[in-house]
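The values are calculated or read from the model by the stated rules, or taken from the named source; none is laboratory data. Just so it is clear, the model here is predicted, and its values are computed rather than measured. Here Cβ is always computed from backbone atoms with ideal geometry, including for glycine, and neighbour counts include all displayed protein chains. Surface areas here come from the heavy atoms of the whole protein model, side chains and all, with no ligands, DNA or RNA. Shrake-Rupley method; radii C 1.70, N 1.55, O 1.52, S 1.80 Å.
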Amino acid sequence: MSSIRTLIVDDEPLARRRITQLLTHAPDFTVQGQCSNGAEALAALSGDAEVDLVFMDVQMPDFTGLQVLQQLQEQPMPLVVFVTAYDRYTLQAFEAHALDYLLKPLDPDRFTRCLAHVRQRMAQHQAKQLHQQLTSFLSTLPSPAAAPTFPTQLLVKQPGRLYFVPTAQVQYLEATGNYVTVHAQGQPHVLRSTLSQLERQLDPSVFLRIHRSLIVNTQQVKELRPWAHGEYLLTLQDGQHLTSSRSYNDAIQQFLKQFIS
């Protein structure tokens, strides 16, 4: 936590000196200034005052501490600890939202507890500010793009019926002119589509194009070995063999990188 900037307001020099002395044992508190009356306090706290905490005497010749707060109520206020020789102002002090109330002569132990209370409140305030800053920053960021969704089934149209083939069961897709044959669990299913159209629909993390006329389900690949002329021979789980084209070697190498640590 950063240094707690403190202002001491009291018309008695001895009282100001006593608070300053007690604060020397709390290095995280820095005395920013001292005021001997309410008018000086108003001047010090008006505008962009860099003060976190005020020790405010209640009884002063010109303005009381309560009157000072009343005149500053339209602007952000630091934490206030009232200091007085009379306990009859206790209720008024807390009605004015004072953080604490100290009686003269100041007791060192009671003063130490007061500082602990101040530290706790300052930590809460800073945590709230950090949260607000983080929330404000996050609100400026663009919304994350929605993850693309891919079909889990392919629709096959046959004369007189429509049926679905789960993509998880697809072993590979083979282009034939303006048609694509979907091989799934040993059964061929013909779609009126191009291989490029289907490639754009399928999940690229699962389906890999290995040839101008072939897309394979990588989850169905059992073995892959180098073949002639820079090609690869792929063996599927059911023993079928597919041969890649050399022009798709980069795609195969990119696929294999995820398994190489």
Return the pairs, sorted by first residue and then second, in which the second residue is basic (Lys, Arg), the first residue lies in segment 2-21 and is under 15 Å from Leu102 (Cα atoms), the beta carbons are less than 6 Å apart, and the residues are 6+ apart or on different chains.
Ile8/Arg16; Asp10/Arg16
Restricting to segment 80-113, name every residue that is surrounded by 15 or more Cβ atoms within 10 Å (Cβ to Cβ), modelled with pLDDT of 90 or more and within 36 Å of the chain's Cα centre (by Cα).
Val80, Val81
Sole exception among (1) modelled with pLDDT of 85 or more; (2) open to solvent by less than 30 Å² (accessible area, probe 1.4 Å); (3) of a type in the set (Gly, Ala, Ser) for Ala116, by number
(2)
In segment 217-249, residue farthest from the chain's Cα centre (by Cα) [restricted to those that are among the polar types (S, T, N, Q) and closer than 22 Å to Thr167 by Cβ]
Gln240
Residue under question is Pro61, and the condition is that it be at pLDDT below 90, open to solvent by 20 Å² or more (accessible area, probe 1.4 Å) and closer than 22 Å to Arg18 by Cα; does it hold?
yes
Scan segment 128-152 for residues that are part of a helix (DSSP H, G or I) and surrounded by 11 or more Cβ atoms within 10 Å (Cβ to Cβ) and report the count.
0
Considering only segment 153-240, give the strands (runs of 3 or more DSSP E) lying wholly within it that have at least 2 residues that are touching a residue at least 12 places away in the same chain (Cβ under 8 Å) and either under 24 Å from Gln254 (Cα atoms) or open to solvent by 20 Å² or more (accessible area, probe 1.4 Å) (or both).
153-158, 170-176, 179-184, 187-192, 207-211, 214-217, 221-226, 232-236
